[in-house]
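Only one structure is covered here, and it is reproduced in the block below.
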Amino acid sequence: MAISVLAPAVGIIIGAASGRVVESLVKDVIMPAIEHMEAQMKITQRSIIVACMSATVLAACGGDGGTGGMAPTQATLFFFRAADPTSGAELWTSDGSESGTRLVKDIYPGGNGANLRELTFFNGELYFSAYQGQWGNELWKTDGSESGTVLVKDIRTGLADASPRGLTVFDGALYFVATDDSNGDELWKTDGTANGTSTVADVNPGPGGSSPGQLTTFNGALYFVANDGTNGFELWKTDGTAAGTVMNKDINPLGSSTPESLTAINATLYFSATDEQGDRELWKSDGTGAGTVRVKDIAPGTTGSWPENFIVLNDTLYFTATNGTDDASLWKSDGSEAGTTLVKDFIPAPGGNPPEAFIVFNGALYFRADDGTSGNELWKSDGTPGGTVMVKDIDPGGDSFPDWFTVSGNALYFTASHPAYGTELWKTDGTDAGTELVKDIRVGPSGSSPQWLASVNGRLVFSANDGISGDEPWMSDGSDAGTIPVKDINPGSGDSSPQEFVGF
């Protein structure tokens, strides 16, 4: 009976041309039918139906779900790392359905896993670092098929690791940091071919390496932090050539200024740095040495304000800092000394942790903060003291500790802890009433501990442990009924520990 109700509905969905029609049919026809099936037949796998809610995966609902080693099609929604009992932690792909969730390739055959990291899209393919027993940890790429998952180049030949990291797309190439035996840890770039993979410049000549980091595109160049062996860790930039790779400014002639949190806003690059007095403050650069200057001495003297947690809202830089007296403070800057001001001091006294986990949603800044009374809860700010307010005290008298903030569709999703549910998936529209639990995935106070939240094609994907199937991939449309497991990759109570979800 339930199957006869469901079959025509699936046919209607597959034939539907409008995403809005699909959403309506799923809500009004499919979900009630599924609930009836579950009640009568204890059928629990709804992934393929929910996958049909996205117009981009309709083909998968009528076909093989992208299995059989096929290259990515519109049906492919995301890639991620997960471990099964046979292959260990390897690269997987999914169209959102159980049948369309598959291992791409067992890169390091056997149960050890390839230890994938840095999943990054470039020129229509997915690049990442992976370990293979023959080559060590090197740069790989995939088109989503087994045969199309290949080593780009054995940078550090043999079993030694090149350990590519910091993958960043700039000016038609993929830049990254890697180690070889001749130059040590330096900046590299690739066009996706072995011959087109090379060092950009040997910043610290010889095998010592300059240990580049903080790769950031700004004003037609790639900026990074490196140590040339003479000036310490300073701000550098490159146009992609050895001759065009130069130090921007020696901010601390007595040692390392160690720039961090490089953040570009229009024609200005912001960062924190330490000068020769040991004073760590907010700096900015227009790309020239003369135009690289301190913005403001927020904490007068040499103690430093230690700015961090940089984020951009409405062409304004927001960050946390201490003025030497108050620690848990939110600041903003327009790049001028006068325009660098305190937004809110959450605990007006020494001590306390600064707000953190910033994200922009619906024209406001959202974050986690502790005002000394309500514990770590969800807050938002419009950039004014009066407009910096707690959204909801999720755990009255305790800490809900919201985390993993991710915007998907029309909602801001996050994880939070509540005495009745443990740590579960929540969402908000920015109001107290609109801040609610999405689903008690692991029923009771233990919590499913969702992690690795990511938005792919308007859907939220994440890992969670329902207490039965272990830590596995899940998907949500923001409703209780539409929050479902994608696949039990490591069958039973074992964990596949999915991580690093990226949309195709």
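The values are calculated or read from the model by the stated rules, or taken from the named source; none is laboratory data. The shown structure was predicted, so the numbers you read here are calculated from the model rather than taken from an experiment. Every residue, glycine among them, receives a Cβ derived from its backbone with ideal geometry; neighbour counts consider all protein chains shown. When the accessible area is computed, the model is the full protein with side chains, heavy atoms only, and any ligands, DNA or RNA have been set aside. Shrake-Rupley method; radii C 1.70, N 1.55, O 1.52, S 1.80 Å.
Taking a point 7 Å out from the Cα of D191 in the direction of its Cβ, the residues of segment 153-172 whose backbone N falls within less than 20 Å of it are 153-155, 168-172. A straight line joining the Cα centroids of segment 286-351 and segment 76-107 runs 43 Å. Per-residue SASA remark: K141, around 40 Å² accessible (1.4 Å probe; ligands, DNA and RNA not included). With a Förster radius of 25 Å applied to the C-beta separation of N219 and V407, the computed FRET efficiency comes to 0.40. How would segment 387-504 be classified by its alpha-carbon gyration tensor: rounded, prolate or oblate, with rounded meaning a/c under 1.5 and the a/b versus b/c comparison settling the rest? It is oblate, given that a/c is not under 1.5 and a/b is not larger than b/c.
Can you give the FRET efficiency to the nearest 0.05 for M247 and M390, using r as the Cβ-Cβ distance and R₀ = 41 Å? Once rounded, the FRET efficiency stands at 0.40. Of L254, L378, L437, the residue with the largest accessible area leads and the full order is L254, L437, L378 (1.4 Å probe).
Take every Cα pair under 8 Å in segment 439-489 that's 6+ residues apart, average their separations, divide by the length, and report that relative contact order as a whole percent. Can you show the working numbers first?
Numbers: 90 pairs, mean separation 13.5, N = 51.
Relative CO of segment 439-489 lands at 27 percent.
How big, in percent, is the set of alpha carbon pairs in segment 241-308 lying more than 16 Å apart? Value for segment 241-308 (Cα pairs over 16 Å): 46 percent. The listed residues S381, S336, once ranked by accessible area (1.4 Å probe) with the largest placed first, stand as S336, S381. Rolling a 1.4 Å probe over the heavy atoms of the protein chains gives segment 169-286 an accessible area of 37 Å² per residue. The value for segment 301-408 of Rg(Cα) / (2.2 N^0.38 Å) is 1.03.
Divide the volume of the convex hull around the Cα atoms of segment 447-504 by the residue count and you get 76 Å³ per residue. For the residues W306, W474, a 1.4 Å probe over the protein chains yields an accessible-area ranking, largest first, of W306, W474. Between Q277 and E308, the FRET efficiency from the beta-carbon distance, with R0 = 22 Å, is close to 0.70.
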